[in-house]
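The values are calculated or read from the model by the stated rules, or taken from the named source; none is laboratory data. Because the structure is predicted, anything quoted here is derived from the model rather than measured. Every residue, glycine as well, gets a Cβ built from its backbone with ideal geometry; the counts of neighbours run over all protein chains shown. With ligands, DNA and RNA removed, areas are computed over all heavy atoms of the protein, side chains included. Shrake-Rupley method; radii C 1.70, N 1.55, O 1.52, S 1.80 Å.
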Amino acid sequence: MLKGVNSGQVRSGLIIVDKPQGWTSHDVVGRLRRLAGTRKVGHAGTLDPMATGVLVVGINKATRLLTYIVGTSKTYDATIRLGQSTITDDAEGEVTSETIAAAVTDEEIMAAVAALTGDILQVPSSVSAIKVAGERSYARVRAGGEVNLPARPVTVSRFEVHDIRREHGGKLRDVDVTVECSSGTYIRALARDVGAALGVGGHLTALRRTSVGPYSVEQASTLEQLAGDLALLELNDAARALFPVRELSTEEAENISHGRRISASGVPSADGDPVPVAAFAPDGELIGLLADKADTARALLVFAPGNERA
């Protein structure tokens, strides 16, 4: 853990932030740039301003790991409100339709949730950041335009209902859930689709991300805490948590550092794609990420030795 602010001694690594409600992910990055005293800061996976929870932020060299973190699975706690649809599929948008949901049974809710579990095709929320003809989808919607996004395959490995209760005199039903899902899954869209399946509409009223890949909310620090103690998961430790590990010999480390191939790591591929492997020198320093191709391993990226901000 690094004490103090803007000391100029902040190394490379990840910061697991517990993002507060009302902040954009960009706001958080800006705050951490000031705290860490470096411009080289980025995040892995946007959280909407309404959402709270785990936002993984990379500092200096660790920003190069973020592209691999974005693709990891995520876990969320959420509340779905049945009986109202909104333009944004969450509580921040204006209500576009209301239907009394009093007659919807617990069993029907459970069945609708079950139907959206597993490998599904999901139409992203129209106010997502997906680009349509070079323009963000949400920008088109907020300008009054029409957006029809194509469905895309996602995996919802867990969609668990914890509580179902009546609100507003029983006219609305709130459903507390936990969702574990693949990257690219929109929880707002799940809320929308549960409501649509039940014929009453639905939207998200609360969302908290509790994990991103191997990083959980229990590891996260608030911005207030980070202002005093900049809790940094060092680059080497971050890589060991994210990837299979290969300990290199001195000769192998030298070869990888100069762009030469070495023998294959032997890590099985995932869905036909090679799995990145974190390669460490004999002194324990991260050399880079490797990927197997046939009987050799090549460098996906190499970290420049000695230059902390490279």
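Note that region 177-188 has calculated 3J(HN,Hα) couplings of 9, 10, 10, 10, 8, 6, 4, x, 7, 9, 5, 4 Hz, one per residue in order, obtained from phi through the Karplus relation 6.51 cos²θ - 1.76 cosθ + 1.60 (θ = phi - 60°); glycine and proline are x. Here the label points at Val275 and Ala294, each 7 Å from Cα along the C-beta direction, are separated by 2.3 nm in the simple model. In plain terms, the chain from Ala227 to Glu254 could stretch by 5.8 nm, reckoned as 0.36 nm per residue minus the Cα-Cα distance.
Based on the Cβ-Cβ distance from His26 to Asp163, what FRET efficiency comes out when R0 is 30 Å, to the nearest 0.05?
Details: r = 33 Å, r/R0 = 1.11.
Approximately 0.35, to the nearest 0.05.
Prolate is the label for region 50-111, because a/c, from the alpha-carbon gyration tensor with a ≥ b ≥ c as root eigenvalues, is 1.5 or above and a/b exceeds b/c. Shape verdict for region 169-310, please, from the Cα gyration tensor: rounded (a/c under 1.5), prolate (a/b greater than b/c) or oblate. Cα axes put region 169-310 in the oblate bin.
For region 155-280, a crude dipole built from +1 on the beta carbon of Lys and Arg and -1 on the beta carbon of Asp and Glu, taken about the Cα centre, is about 680 debye to the nearest 20. Taking the helices alone, the chain has a mean residue ellipticity at 222 nm of -6000 deg cm²/dmol, built from -39,500 (n - 2.57) per DSSP H run of at least 4 residues and averaged over all its residues. Computed from backbone phi, the HN-Hα couplings of region 73-84 come to 6, 10, 10, 9, 9, 8, 10, 9, 9, 9, x, 9 Hz, rounded to whole numbers (Karplus: 6.51 cos²θ - 1.76 cosθ + 1.60, θ = phi - 60°; Gly and Pro given as x). Subtracting the Cα-Cα distance of Val123 and Glu107 from 0.36 nm times their residue separation leaves 3.3 nm of extension gain.
In terms of accessible area, using a 1.4 Å probe and ignoring ligands and nucleic acids, Ser216, Ser125 rank largest first as Ser216, Ser125. Where a ≥ b ≥ c are the square roots of the eigenvalues of the C-alpha gyration tensor, would you call the chain rounded, which needs a/c under 1.5, or, failing that, prolate if a/b is larger than b/c, or oblate? Prolate, because a/c is 1.5 or more and a/b exceeds b/c. Scalar couplings 3J(HN,Hα) for region 107-123, obtained by applying the Karplus form with A = 6.51, B = -1.76, C = 1.60 to θ = phi - 60°, are 5, 5, 4, 4, 5, 5, 5, 4, 5, 9, 10, x, 7, 10, 9, 10, 7 Hz; x denotes Gly and Pro.
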